Amino acid sequence: MKLNTLKPAKGSLGKQKRIGRGEGSGHGGTATRGMNGAKQRSGYSAKLGFQGGQMPIQRQLPKFGFNNPNKVEYKVINLSSLQALSEKLKVEEISRETLIENGLVSKKDLVKILGNGELKAKLNVSANAFSKSAIAKIEALNGTATVIK
């Protein structure tokens, strides 16, 4: 191979379309941009949601709802899940860290224990929040429900 024999692959270089160079070129006049108007001009971009003068859909539909910036989102865990976890790990102490290690919640989640399901073992549970029924069921078996901040 020699440097003077190098050339681009066959078919890789097409003929360049030279627009706006007179009527004789076949691409003069409107320079392949259609008729006159804003779309022909350089720098044209339609407004987001513009529908050709028709009332845009985002203005036709009403606004509704409210997003409360102060809402506290909890990841809920039922007592049935805690019972299964205590049987699997054979522990009486269940904390937020135990739930994180076993993949029930992530590190950033706030944990709330709900009273759904049946609890058979005495458990000492610590979480960010508890429902009244969960506290009643845990304390009925001489366990403790500790709220952590």
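The values are calculated or read from the model by the stated rules, or taken from the named source; none is laboratory data. Computed from a predicted structure; not experimentally measured. Counting neighbours? That spans all protein chains shown, and the Cβs are built from the backbone with ideal geometry, glycine included.
For region 75-90, the condition of being over 30 Å from G115 (Cα atoms), at pLDDT 90 or above and of a type in the set (S, T, N, Q) holds for none of the residues.
One line per residue, one yes/no per condition, for (1) loosely packed, with under 10 Cβ neighbours inside 10 Å; (2) of a type in the set (G, A, S):
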| residue | (1), (2) |
| --- | --- |
| G11 | yes, yes |
| G20 | no, yes |
| T30 | no, no |
| N68 | yes, no |
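Restricting K107, K63 to those that are out of contact with any helix residue (DSSP H, G or I) (no Cβ under 8 Å at 6 or more places or on another chain) and exposed (fewer than 10 other Cβ atoms within 10 Å of the Cβ) reduces the list to K63.
Is at least one residue of region 114-129 out of contact with any helix residue (DSSP H, G or I) (no Cβ under 8 Å at 6 or more places or on another chain) and loosely packed, with under 10 Cβ neighbours inside 10 Å? Can you show your working first?
So in region 114-129, the residues out of contact with any helix residue (DSSP H, G or I) (no Cβ under 8 Å at 6 or more places or on another chain) come out as 122, 124, 129.
This time we only want the ones that are loosely packed, with under 10 Cβ neighbours inside 10 Å, so: none.
Within region 114-129 (the criterion being out of contact with any helix residue (DSSP H, G or I) (no Cβ under 8 Å at 6 or more places or on another chain) and loosely packed, with under 10 Cβ neighbours inside 10 Å), the answer is no, since none of the residues qualifies.
Say we look at region 32-52 and pick out the residues that are hydroxyl-bearing (S, T, Y) and surrounded by fewer than 10 Cβ atoms within 10 Å (Cβ to Cβ); which of these is modelled with the highest pLDDT?
Taking region 32-52 and keeping what is hydroxyl-bearing (S, T, Y), we get 32, 42, 44-45.
Still in the running and surrounded by fewer than 10 Cβ atoms within 10 Å (Cβ to Cβ): 42, 45.
Values: S42: 88, S45: 91.
Looking at the filtered set, the residue picked out is S45.
Restricting region 51-102 to residues that are of a type in the set (S, T, Y) and in contact with a strand residue (DSSP E or B) (Cβ under 6 Å, 6 or more places away or on another chain), the residue that is nearest to T146 (Cα to Cα) is S95.
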